[in-house]
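A.B. asks: One structure follows; several queries about it will come next.
The values are calculated or read from the model by the stated rules, or taken from the named source; none is laboratory data. Here the structure is a predicted model, which means the values were calculated and not measured. Don't worry about glycine lacking a Cβ; one is built from the backbone with ideal geometry, like all the others, and counts go over all protein chains shown.
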Amino acid sequence: MSIPAITQADVDELKVEYPSLDFTHPERQAVLLAGGSVDVQAAPGSGKTTLLAAKLSILAKKWQHANRGICVVSHTNVAREEIEARLRESRYGALLFSHPHFIGTIQTFIHKFVSLPLLRSCGVEVRVIDDNECRRISELRIHADYKLRALAKNSPFKFAPALRSLRYIGPELELSCADGTLPGRTAATYPLIEDLKQSLTKDGIFRYDDMFAFAQHALANYPALSEALGYRFPLVFVDEMQDTSDAQDELLKSAMGAQSIFQRFGDVNQRILRIGDKTAATFPLPDSLPVSTSKRFGASIASVANSLREFGQDIVGDNLESNLPVTLFTFSNESVKSVIPAFAERAAQLVPPAEIERYGMKAVGQRKDETTTEGCGRFLGDYAAIDAPAAGKASYLVNLHRSLEIAAAARAEARNLAEAASRTRVALLHLLRDLDWLPAKEAKTWRQLEAYAEETAFRASNAMVESLLHMPTPSAVESDWDVVLTGLAVRLSSITGQVIRLEDLREREISRFSESQPAPLSLTQPETGAHGLSVETIAAAKGETHAATLVLECIYQRKYDVQASLPFLCGEKSSLTEKDDNTKSRLNNLFVAATRPRHFLAFAVHESRLADAHRSRLEALGWVVIDVT
């Protein structure tokens, strides 16, 4: 089939729905107008997600096929939520949330269209797809069988972890393990291990690797499946391509066949989740389209990014309001705890308060855990008192009314709806569990609900979320909230097949009226000091935008990462020609960290690890060096 052609007139209309991005830029226009398979190498802050969503919204408007759709897959749910949030800004983007289209993670796509149909055809009812839960159930069964219990007890570091992590691999569904080592096939205990895995399979209890192997098996043995999927999804978009494995990439291509068009988006310079992974997918391919202009930061930060990047042409900093020099803080053993406060104080002096209020300030480093290496500035704990794990998204009170207040506030300020959408889905999933709807009780997350609920019920559930997110400002008084709950009761009754009344919802903690002020848009807070600046790992900050970012030197691959990268930052060495994998890993991590801020970028290095020649060279490049005492 022919893919709808995007014209210049279509591109010109985008400035109304996505005014924050300049679609007249030749690089962005080339991406929008591309009709065949292509890779897009996008710089940090280039508007990649908005560009992708803009292209999708045009295609959604022009799509004429009732039973053939667009497939949009990403590596993580965070990226999926970002795409969905951008699509909601468009008049037509929401059309992609329903049949025949698909938006989700690669994992969810494989489950829904390949693995689960295979298992259901074999009479297997899937109950669990989760590594931790599968491990827990395995431990219970090992404990219940005295022979397996003895095997695990006698080999705590070899066979015990293997028994807890049994998995299938490859299209032949070979029995393997994620941890430890299995005994040989001729061992007397091997049939017991096979029986354990078969019992888990019969009861529908699987690891994520199992589902991947089932997909490989299905595609290898049923070639008509890829023909059907290729027909169903003639156009495939892949986001976060830099973090996609070669196996995932091959499985996607195998699932769709050769007939589908693939457009893959990512930034290979931010490949930190697969550092050193020889199985990472080849990206970008030759003749890729670059998007090298960043609207996040200006020339000084772009210069640092260019000294650290592994691939591609020069990144251009297009934020003209971002003109602060890069700063290097040096510290001693005695002053290491003063580095973060010194940075926070200087950032408060230099960065507009409105920018700090909106984007925040963060100190990031490669290592959160302590290391046996002697020295100062080895891990985040050397710089700040970090006593507990960072609080996660589960740390907020789940309440539907509060979630919708957050959504309304985000819409009013033209902010991203991803966090509000996530909260709303969590609240509704908890509510459905409270109402004893079996699929919700079996699913751990909203996306897992797709595997347990009937397709019509899951579609209706997604439609319910979209409707709630775009309802008028949530009621300020309880009587008006009752009106919302009355309508919600009707939707929930249809989804669950139960009779649900207003009274069933009014007094539940999850759906009751909340008189307290809504929580901030995001409660996913890392460690925060009295100075109001949060501290987290570089991996945790990936994808974020800050007003100001401090990169804290840490031990990585047995070297202090900032010190080891000074020759590149000073221009003595080229990151583009570096061959050592450990060095490239350090550069990738620092690249991600250095491209988070809009205005103020700083590094911290121990005074003993900054050579006089490097100090002079950085100052000649326009850096400011501050000694923290």
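A.B. asks: Go through region 405-427 residue by residue and tally those that are in contact with a Ser or Thr (Cβ under 7 Å, 6 or more places away or on another chain) and surrounded by 21 or more Cβ atoms within 10 Å (Cβ to Cβ).
C.D. replies: 6
A.B. asks: Could you list, in sequence order, the residues of region 53-67 that are in a loop (DSSP other than H, G, I, E, B) and touching a Leu at 6+ places or on another chain (Cβ under 9 Å)? Write out each step before concluding.
C.D. replies: From region 53-67, those in a loop (DSSP other than H, G, I, E, B) are 63-67; that's our starting set.
Scanning region 53-67 gives a single hit, Trp63.
A.B. asks: Filter region 447-472 down to the residues that are outside any helix (DSSP H, G or I) and either out of contact with any helix residue (DSSP H, G or I) (no Cβ under 9 Å at 6 or more places or on another chain) or aliphatic (A, V, I, L, M) (or both) and list them by number. Break it down stepwise before answering.
C.D. replies: From region 447-472, those outside any helix (DSSP H, G or I) are 453-454, 470-472; that's our starting set.
Those that are outside any helix (DSSP H, G or I) and either out of contact with any helix residue (DSSP H, G or I) (no Cβ under 9 Å at 6 or more places or on another chain) or aliphatic (A, V, I, L, M) (or both): Ala453, Met471.
A.B. asks: Oh, and also: Given the criterion without any contact (Cβ under 8 Å) to a residue 12 or more places away in the chain and of a type in the set (Asp, Glu), identify the matching residue among Glu507, Glu405.
C.D. replies: On the way: Glu405 fails: without any contact (Cβ under 8 Å) to a residue 12 or more places away in the chain.
Of Glu507, Glu405, the one residue that is without any contact (Cβ under 8 Å) to a residue 12 or more places away in the chain and of a type in the set (Asp, Glu) is Glu507.
A.B. asks: Based on this model, can you work out whether Ala344 counts as within 28 Å of the chain's Cα centre (by Cα), more than 14 Å from Arg596 (Cβ to Cβ) and in contact (Cβ under 8 Å) with a residue 60 or more places away in the chain? Outline the logic, then answer.
C.D. replies: Working: within 28 Å of the chain's Cα centre (by Cα): yes; more than 14 Å from Arg596 (Cβ to Cβ): yes; in contact (Cβ under 8 Å) with a residue 60 or more places away in the chain: yes.
For Ala344, the condition - within 28 Å of the chain's Cα centre (by Cα), more than 14 Å from Arg596 (Cβ to Cβ) and in contact (Cβ under 8 Å) with a residue 60 or more places away in the chain - is met.
A.B. asks: Which condition from (1) in a helix (DSSP H, G or I); (2) within 15 Å of Phe603 (Cα to Cα); (3) over 24 Å from the mean Cα position of the chain (by Cα) is the one that Pro325 breaks?
C.D. replies: Failed condition: (1).
A.B. asks: Failed condition for Ala409, given (1) touching a Pro at 6+ places or on another chain (Cβ under 7 Å); (2) at pLDDT 80 or above, with all others met?
C.D. replies: (2)
A.B. asks: Starting from residues that are under 22 Å from Val562 (Cα atoms) and of a type in the set (Gly, Ala, Ser), keep the ones in region 285-322 and report whichever is nearest to the chain's Cα centre (by Cα). Full working, then the answer.
C.D. replies: Our first condition is that a residue be under 22 Å from Val562 (Cα atoms); within region 285-322, this holds for 297-311, 314-315.
Adding the requirement that they be of a type in the set (Gly, Ala, Ser) leaves 298-300, 302-303, 305, 307.
On the way: Gly298: 26, Ala299: 28, Ser300: 28, Ala302: 24, Ser303: 27, Ala305: 22, Ser307: 26 Å.
That would be Ala305.
A.B. asks: Report yes if some residue within region 10-24 is touching a Phe, Trp or Tyr at 6+ places or on another chain (Cβ under 7 Å), among the hydroxyl-bearing types (Ser, Thr, Tyr) and part of a loop (DSSP other than H, G, I, E, B); otherwise report no.
C.D. replies: Of the residues in region 10-24, the ones touching a Phe, Trp or Tyr at 6+ places or on another chain (Cβ under 7 Å) are 11, 14-15.
Adding the requirement that they be among the hydroxyl-bearing types (Ser, Thr, Tyr) leaves none.
Checking region 10-24: not a single residue is touching a Phe, Trp or Tyr at 6+ places or on another chain (Cβ under 7 Å), among the hydroxyl-bearing types (Ser, Thr, Tyr) and part of a loop (DSSP other than H, G, I, E, B).
A.B. asks: Quick one: would you say Glu81 is under 20 Å from Glu419 (Cα atoms) and not hydroxyl-bearing (Ser, Thr, Tyr)?
C.D. replies: Numbers: under 20 Å from Glu419 (Cα atoms): yes; not hydroxyl-bearing (Ser, Thr, Tyr): yes.
In short, yes.
A.B. asks: Moving on to the next point. Kindly evaluate Arg120 against the criterion of being closer than 30 Å to Ser461 by Cβ and over 24 Å from the mean Cα position of the chain (by Cα). Write out each step before concluding.
C.D. replies: Details: closer than 30 Å to Ser461 by Cβ: yes; over 24 Å from the mean Cα position of the chain (by Cα): yes.
Considered against the rule, which asks whether it is closer than 30 Å to Ser461 by Cβ and over 24 Å from the mean Cα position of the chain (by Cα), Arg120 comes out as yes.
A.B. asks: Residues that are in contact with an Asp or Glu (Cβ under 6 Å, 6 or more places away or on another chain), in contact (Cβ under 8 Å) with a residue 12 or more places away in the chain, surrounded by 18 or more Cβ atoms within 10 Å (Cβ to Cβ) and over 27 Å from Asp246 (Cα atoms): does region 313-333 have at least one? Give the derivation first.
C.D. replies: Within region 313-333, the subset in contact with an Asp or Glu (Cβ under 6 Å, 6 or more places away or on another chain) is 330, 332.
Narrowing further to those that are in contact (Cβ under 8 Å) with a residue 12 or more places away in the chain: 330, 332.
Applying the additional criterion that residues be surrounded by 18 or more Cβ atoms within 10 Å (Cβ to Cβ) yields 330.
The next check asks that each one be over 27 Å from Asp246 (Cα atoms); those that pass are 330.
Yes: region 313-333 contains one or more residues that are in contact with an Asp or Glu (Cβ under 6 Å, 6 or more places away or on another chain), in contact (Cβ under 8 Å) with a residue 12 or more places away in the chain, surrounded by 18 or more Cβ atoms within 10 Å (Cβ to Cβ) and over 27 Å from Asp246 (Cα atoms).
A.B. asks: Give me the residue from region 58-96 that is farther than 22 Å from Ile106 by Cβ and among the small types (Gly, Ala, Ser) and, out of that set, surrounded by the fewest Cβ atoms within 10 Å (Cβ to Cβ).
C.D. replies: Going through the qualifying residues, I end up with Ala66.
A.B. asks: Being over 24 Å from Leu468 (Cα atoms) and either free of Cβ contacts under 8 Å to residues at least 60 places away in the same chain or in a helix (DSSP H, G or I) (or both) is the filter here; which residues of region 68-106 pass it?
C.D. replies: Within region 68-106, just Ile106 meets the criteria.
A.B. asks: While we're here: Here are Ala215, Ala255: which of them is outside the structural domain of Lys55 (by TED's automatic domain parsing), buried (at least 20 other Cβ atoms within 10 Å of the Cβ) and closer than 19 Å to Gly104 by Cα?
C.D. replies: Numbers: Ala255 fails: outside the structural domain of Lys55 (by TED's automatic domain parsing).
Every option except Ala215 fails the conditions.
A.B. asks: Out of all the residues in region 384-406, is one or more modelled with pLDDT of 80 or more, part of a helix (DSSP H, G or I) and not assigned by TED's automatic domain parsing to the domain that holds Ala457?
C.D. replies: So far as region 384-406 goes, no, none of its residues is modelled with pLDDT of 80 or more, part of a helix (DSSP H, G or I) and not assigned by TED's automatic domain parsing to the domain that holds Ala457.
A.B. asks: Scanning region 150-191 for residues that are polar (S, T, N, Q) and outside any strand (DSSP E or B), which turns out farthest from the chain's Cα centre (by Cα)?
C.D. replies: First, the residues of region 150-191 that are polar (S, T, N, Q): 154-155, 165, 176, 181, 186, 189.
Next cut, outside any strand (DSSP E or B) only: 154-155, 165, 181, 186, 189.
Numbers: Asn154: 40, Ser155: 37, Ser165: 25, Thr181: 31, Thr186: 43, Thr189: 41 Å.
That would be Thr186.
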